[in-house]
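Read the structure below first, then the notes.
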Amino acid sequence: ERKTKSFNFTAYHTLDEINSWMDTLVASHSKVVSKVQIGNSYENRPLYALKFSTGGENKPAIWIDAGIHSREWISHATAVWIANQIATDYASERAPVPKILGKMDIYMLIVANPDGYVFTHKSSSPFYRLWRKNRSVTSDPKCFGVDLNRNWDAAFGGPGASEKPCDEDYRGPSANSEIEVKNIAKLIESHGNFKSFITLHSYKQLLMYPYSNTGTNPPDQVELDTIAVSASKALSSWHGTVYTVGSIFNTIEQASGSSVDWAYNRGIKYSFAFELRDTGKYGFLLPADQIVSTSRETWLAIKYIMEYACDKS
Ligand code: PAY
Ligand code: ZN
């Protein structure tokens, strides 16, 4: 019998498996990674972030989250792979990770919506597997859950979010009403030195920047677009996967109360949202045999953004 169980990066995993994998990662790379509990979810599950740091107080930092929408399983799987890559690249002194971690800390919240994620694992029937929101009780006893990407304090309540609890994009009763959003916002605000905010979603193969709530360009549009074009070229260089670049408003749809708009409005200039593979053939049910290729190509784009933010910080 083997003493250490190796983690299978080519499969999707449950919340418990991801949480115990985090402990394994921390145990084997304890000099550079730690597990930070940033609070609990609505159903009282811990929200664990991985913190990559080579020491020092309040260094400029990069935020990466995945799984704010629970059905977007490729986002959690990609975040797991990338966390492992950051740790191993640091250990083997593979550029640019040592340079980035020399100057910055990286926080990764791999399962931003654990209650929803557990729900998606309850059954493969679409009602469970395709659950998007969290699982909080609403004013309608028949309908559960708030869309955590409509609940941020950024044009909250505007067009591009629903006020109806049964809708997939229900914004919730008030900005930050959801504990998952509140916990992330609290960590980022109290830290105060985040330079980049990256959120992983699926699907549609898009690399997007603010705004989502208006078609008006953000003040840094030209720079953000240039970064996104270069990052998506890096991504495509691996397997030829084609990404479209633009503001969320222009590439997908109007959305109010989104995390990226909130981050950008808080002064986190390098704020981006990824819509990972694919373009609709499998959609949210991306086959597990695409996890590693999706992760590898996404890592090239994220590495580009991180290095850019590092050089500018
Ligand atoms: O921040 O990515 C963003 C805003 C746009 C996404 C949203 O929150 O609605 C777009 C959708 C998502 O990833 O949640 C796209 C997918 C395919 C969906 O559920 O419609
Ligand atoms: Zn999403």
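The values are calculated or read from the model by the stated rules, or taken from the named source; none is laboratory data. The shown structure was predicted, so the numbers you read here are calculated from the model rather than taken from an experiment. Methodologically, a virtual Cβ is constructed for each residue, glycine included, from the backbone with ideal geometry; neighbour enumeration extends over all protein chains shown. The protein model used for the area step is the full one, side chains on, heavy atoms only, and it has no ligands, DNA or RNA in it. Shrake-Rupley method; radii C 1.70, N 1.55, O 1.52, S 1.80 Å.
Brief remarks on what is shown
- Test for R150: is it closer than 19 Å to I74 by Cβ, among the charged types (D, E, K, R) and either open to solvent by less than 10 Å² (accessible area, probe 1.4 Å) or within 16 Å of ligand 2 (Cβ to nearest atom) (or both): no
- None of S212, S174, S202 is away from ligand 2 (no atom under 16 Å from the Cβ) and either at pLDDT 95 or above or aromatic (F, W, Y) (or both) except S174.
- Of all the numbered requirements in (1) closer than 20 Å to E180 by Cα; (2) in contact (Cβ under 8 Å) with a residue 40 or more places away in the chain; (3) surrounded by fewer than 23 Cβ atoms within 10 Å (Cβ to Cβ), Q85 misses one, and that requirement is (1).
- Residue in the range 120-133 that is surrounded by 24 or more Cβ atoms within 10 Å (Cβ to Cβ) and either closer than 15 Å to H13 by Cβ or away from ligand 1 (no atom under 16 Å from the Cβ) (or both) present: yes
- Qualifying residue in the range 8-26 (condition: over 26 Å from Q290 (Cβ atoms) and modelled with pLDDT of 95 or more): yes
- Any hit, the range 199-217, residues being hydroxyl-bearing (S, T, Y) and in contact with a Pro (Cβ under 9 Å, 6 or more places away or on another chain): yes
- Those strands (runs of 3 or more DSSP E) lying entirely in the range 29-76 with at least 1 residues within 16 Å of ligand 2 (Cβ to nearest atom) and buried (at least 23 other Cβ atoms within 10 Å of the Cβ): 61-66
- Complete set of residues in the range 236-291 that are out of contact with any helix residue (DSSP H, G or I) (no Cβ under 6 Å at 6 or more places or on another chain), within 18 Å of A66 (Cβ to Cβ) and assigned to a helix (DSSP H, G or I): I248, S259, V260, W262, A263, G283, F284, L285, A288, Q290
- Test for T24: is it surrounded by fewer than 18 Cβ atoms within 10 Å (Cβ to Cβ) and out of contact with any strand residue (DSSP E or B) (no Cβ under 9 Å at 6 or more places or on another chain): yes
- Residue check, S230 modelled with pLDDT of 95 or more and either within 10 Å of ligand 1 (Cβ to nearest atom) or open to solvent by 10 Å² or more (accessible area, probe 1.4 Å) (or both): yes
- Of all residues in the range 190-212, none are open to solvent by 10 Å² or more (accessible area, probe 1.4 Å) and among the β-branched types (V, I, T).
- Of the criteria (1) open to solvent by less than 40 Å² (accessible area, probe 1.4 Å); (2) of a type outside the set (K, R); (3) away from ligand 2 (no atom under 16 Å from the Cβ), which one N265 fails: (1)
- Residue match in the range 42-52 (condition: hydroxyl-bearing (S, T, Y) and closer than 14 Å to I184 by Cβ): yes
- Of the residues making up the range 153-169, those that are among the small types (G, A, S) and either farther than 13 Å from W262 by Cα or open to solvent by 10 Å² or more (accessible area, probe 1.4 Å) (or both) are A155, G157, G158, G160, A161, S162.
- Taking the range 280-290 as the range and being open to solvent by 20 Å² or more (accessible area, probe 1.4 Å), within 15 Å of ligand 2 (Cβ to nearest atom) and under 15 Å from T241 (Cβ atoms) as the test, only G280 passes.
- When the range 57-72 is limited to residues that are farther than 19 Å from R150 by Cα and modelled with pLDDT of 95 or more, the one that is farthest from ligand 1 (Cβ to nearest atom) turns out to be K59.
- Residue within the range 193-211 that is out of contact with any Phe, Trp or Tyr (no Cβ under 9 Å at 6 or more places or on another chain) and in a helix (DSSP H, G or I) present: no
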